[in-house]
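Asks: Sharing a structure here in structure tokens format.
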């Protein structure tokens, strides 16, 4: 299980990440593009993934990942009670890379190497 505090810490660890309100829920953005939103009432998070990755996760781990509205754009829902911190970190990294500018991603990857 991952907590909202841990979600926030992970999301804000990426370059240029910032938190902003999204219809009353916390969203995390890079250059004003959302890569993660928390839905507190439902204990869900939503990330924007490449479609092939989204499909693979939803098919292989349906207890954690599922798709709903806006799935055609890569929006993938995560049951926060069913995911561990490392797995969540990996998925959020993929989401951030999916929406961040290429040069920002490149600099991030070079720093991680």
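Laboratory data are not the source of any read-out in this text; all were calculated from the coordinates shown. None of these values were measured; they are calculated from a predicted model.
Asks: GNM on the chain, C-alpha springs below 10 Å: top fluctuator among 60, 32, 98?
Replies: For the chain, modelled as a Gaussian network with Cα springs under 10 Å, the answer is 60.
Asks: If you line up the long axis of helix 85-99 against the longest principal axis of the chain, both from Cα atoms, how many degrees apart are they, to the nearest 10?
Replies: Between the helix axis and the principal axis of the chain, the angle is about 60 degrees.
Asks: Where the centroid of each part is defined by its Cα atoms, how far is segment 23-37 from segment 50-109 in Å?
Replies: 14
Asks: Between 0 and 90 degrees, rounded to the nearest ten: what's the tilt of helix 51-60 against the longest Cα principal axis of the chain?
Replies: Around 40 degrees separate the two axes.
Asks: Okay, next question. Which semi-axis lengths, in whole Å and largest first, follow from the square roots of five times the eigenvalues of the Cα gyration tensor of segment 1-54?
Replies: Over the Cα atoms of segment 1-54, the semi-axes work out to 16, 15, 12 Å.
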